[in-house]
């Protein structure tokens, strides 16, 4: 089964576009290049344009933890921290039905 991390955060009203551009240009390619990453997306809510969810899917929890330990996750958060209206939250899930990569 796959392992999923969901980060939720709100941006300052005038920083949502900048946050999205940085995350899309820098974080997503770096996460997708990490060993064991299956997918990485950033979602911006339609009803509240300052509300975001960053979802990463990993082959295993160990792959996600290795990425965390590498310091890359913290470095990406530091690049967008200026835009946070409040502290982000992180939840993790086991995901079923995700095709295994060979």
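At-a-glance table
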read-out: Looking only at segment 43-71, and only at residues there that are surrounded by fewer than 18 Cβ atoms within 10 Å (Cβ to Cβ) and under 11 Å from the mean Cα position of the chain (by Cα), the one that is farthest from residue 4 (Cα to Cα); value: 43
read-out: All strands (runs of 3 or more DSSP E) inside the chain with 2 or more residues being free of Cβ contacts under 8 Å to residues at least 60 places away in the same chain and in contact with a strand residue (DSSP E or B) (Cβ under 8 Å, 6 or more places away or on another chain); value: 37-44, 51-58
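Values quoted throughout were computed directly from the atomic coordinates according to the rules given, and no laboratory measurement underlies them. Everything numeric in this text was worked out from a predicted model, so none of it was measured. Every residue, glycine among them, receives a Cβ derived from its backbone with ideal geometry; neighbour counts consider all protein chains shown.
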